[in-house]
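Just below is one structure, and these are the notes that go with it.
The values are calculated or read from the model by the stated rules, or taken from the named source; none is laboratory data. Source: prediction; values computed, not measured. Note that each Cβ is placed from the backbone with ideal geometry, even for glycine, and that neighbours are counted across all protein chains shown. Ligands, DNA and RNA are excluded from the accessible area calculation, which covers all protein heavy atoms including side chains. Shrake-Rupley method; radii C 1.70, N 1.55, O 1.52, S 1.80 Å.
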Amino acid sequence: MINDNNNEIKMFNRHSLSTLAIQLSFPHKHCRIFVLSCVLFSFLPSETVFAAEAVQFPKTIAWSAYPTGTGGYSQAVAIGNILQRQYAVNLRVIPGRNDVSRLATLRAGRVHFSAGGSEAVYAQEGILNFASKIWGPQPIRALMSNYSDSCSFTFAMASDSEVETISDIRGKRVTWVQGSPSLNNATAALLAYANLTWDDVTAVEVGGYNASIDAVLNDRADMAGGACNSPPFLRMEASPRGLTFAQFPHNDVEAVKRVRDRLPWYVPHVAFEGPTIPEQGIEVFTSAYPFLVGLDTSNEALAYSMVKIMHRHFEEYKNNAPGASGWTLDRQKFEQIFVPFHPGAIRYYEEIGAWTPEAKANNEKNLLRQSVLKGAWDDFLPSAPEGYDEFEEAWLLARAKALAESGLMTLAEGL
């Protein structure tokens with residue numbers, strides 16, 4: 001794991017310095033001071049501390065993110081430019097083609113944080129692709145959320161697909177992305193707006209997010225899901241097929257409820273940013289994207305430093321990537337978020353007076369939810385079925401039962 005060996009390194013450094021200090025026997029005091037100074041310099045820790053800002057970074061930070069060309073990747077690069085210019089710190093962005101790969105690198109310690117989307121919630125819940133024996137509910141911790149003037153997910157349709165209203169999607173070819181339960185479940189939730197399911201459309205299986213855009217361009221599909229301002233949609237706009245975004249009128253209360261019953265972290269939203277979107281905007285749904293998360297084991301000083309720098313330097317990067325303005329502090333939704341915050345992030349939010357009693361209460365509720373999920377998983381594993389499908393089915397039942405007994409939302413609908 002990243003930084004796992006820090007304590008051992010520090011212990012080694014103290015022992016080595018003590019031994020060298022005793023053994024140094026140069027005849028001149030100035031020589032002894034010079035040599036000891038060189039030794040001290042050689043054993044400086046890999047972290048760099050910036051006293052003026054009270055932040056601490058390693059020389060290289062790693063994030064996982066959506067693939068190159070997406071809004072999430074572009075924003076990570078923009079934030080990385082600030083870190084490089086201001087702090088001489090490199091931000092390495094590792095693109096993941098699907099939900100599992102982005103969080104697998106986080107869990108394996110290959111990255112410090114992940115800038116993804118709803119997969120963080122699915123991993124917390126241990127559902128969809130995270131319902132397998134090698135996953136189960138994960139101790140995800142939030143750092144920051146991006147709620148932009150765009151939207152996190154909606155339907156981008158080829159203009160020649162003859163879809164006038166959301167109900168016209170019945171029978172159309174819709175991309176289904178391998179290994180991306182967050183995208184596929186978001187598609188199912190938006191279909192629910194019109195009382196449709198995957199059974200009412202033709203699913204076109206693709207290997208990744210960018211492949212879903214290619215499927216529309218190549219006339220293998222009529223529509224794909226993604227963020228309104230996702231750069232690949234520019235290719236659709238410029239193509240002979242054209243680009244039209246689906247709209248979800250908010251005045252249909254029952255339709256809005258159907259979406260939110262399935263994805264409670266999705267909220268009605270007016271999007272202004274994205275190709276072909278008119279000046280008055282379009283009515284859609286949105287959630288945090290990118291959603292910057294770590295684990296409960298993520299380094300507290302680094303989490304604190306990351307949040308502080310993203311807040312302090314917001315004005316410098318907000319216009320440097322599509323949708324980056326959504327990282328602003330006043331859009332963090334501390335009281336509505338569905339995942340607990342990392343203690344390092346909380347420390348900074350408390351420091352600037354942004355952490356309210358309501359935020360604390362919501363955080364405690366989310367911690368309780370994760371505790372119930374972990375308890376259910378630990379109780380389930382010893383007698384769990386061996387077969388993959390049987391395992392998943394039994395786990396989802398055990399999970400729903402534990403949540404229901406604790407008076408918590410099960411999110412079982414449609415899983």
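Would the stretch 267-281 turn up any residue that is buried (at least 19 other Cβ atoms within 10 Å of the Cβ) and out of contact with any Cys (no Cβ under 7 Å at 6 or more places or on another chain)?
No.
Here is a list: Leu368, Leu415. Which entry is surrounded by 13 or more Cβ atoms within 10 Å (Cβ to Cβ), of a type outside the set (Gly, Ala, Ser) and modelled with pLDDT under 95?
Exactly one of Leu368, Leu415 is surrounded by 13 or more Cβ atoms within 10 Å (Cβ to Cβ), of a type outside the set (Gly, Ala, Ser) and modelled with pLDDT under 95, namely Leu415.
Take Thr328 and decide whether it is modelled with pLDDT of 95 or more, open to solvent by 60 Å² or more (accessible area, probe 1.4 Å) and under 18 Å from the mean Cα position of the chain (by Cα).
Details: modelled with pLDDT of 95 or more: yes; open to solvent by 60 Å² or more (accessible area, probe 1.4 Å): no; under 18 Å from the mean Cα position of the chain (by Cα): yes.
When the stated conditions are applied, Thr328 does not pass them.
Output the residues belonging to the stretch 133-150 that are open to solvent by less than 10 Å² (accessible area, probe 1.4 Å) and either among the basic types (Lys, Arg) or farther than 28 Å from Val284 by Cβ (or both).
The one that is open to solvent by less than 10 Å² (accessible area, probe 1.4 Å) and either among the basic types (Lys, Arg) or farther than 28 Å from Val284 by Cβ (or both): Gly136.
If you go through the stretch 33-50 one residue at a time, do you hit one that is modelled with pLDDT of 95 or more and assigned to a strand (DSSP E or B)?
Checked against the condition, which is being modelled with pLDDT of 95 or more and assigned to a strand (DSSP E or B), the stretch 33-50 yields no hits at all.
Go through (1) touching a helix residue (DSSP H, G or I) at 6+ places or on another chain (Cβ under 8 Å); (2) open to solvent by less than 60 Å² (accessible area, probe 1.4 Å) for Glu316 and report which single condition fails.
Here Glu316 clears every test but (2).
Take the conditions surrounded by fewer than 17 Cβ atoms within 10 Å (Cβ to Cβ) and modelled with pLDDT under 95 and apply them to Pro290. Does it pass?
Criteria not met by Pro290.
What number of residues within the stretch 293-313 satisfy the criterion of being of a type outside the set (D, E, K, R), open to solvent by 10 Å² or more (accessible area, probe 1.4 Å) and not in a helix (DSSP H, G or I)?
Qualifying residue count, the stretch 293-313: 5.
Filtering the stretch 218-240 down to residues that are surrounded by fewer than 18 Cβ atoms within 10 Å (Cβ to Cβ) and under 25 Å from Arg97 (Cα atoms), which residue is nearest to the chain's Cα centre (by Cα)?
For the stretch 218-240, the residue satisfying everything is Leu234.
When you scan the stretch 168-218, how many residues do you find that are more than 19 Å from Glu119 (Cβ to Cβ) and in contact (Cβ under 8 Å) with a residue 60 or more places away in the chain?
7
Residue under question is Leu295, and the condition is that it be among the hydrophobic types (A, V, I, L, M, F, W, C) and within 17 Å of Ala120 (Cβ to Cβ); does it hold?
Against the criterion (among the hydrophobic types (A, V, I, L, M, F, W, C) and within 17 Å of Ala120 (Cβ to Cβ)), Leu295 qualifies.
So which residues in the stretch 179-215 are assigned to a helix (DSSP H, G or I) and closer than 16 Å to Gly69 by Cβ, if there are any at all?
Selection gives Leu183, Tyr209, Asn210, Ala211, Ser212, Ile213, Asp214, Ala215.
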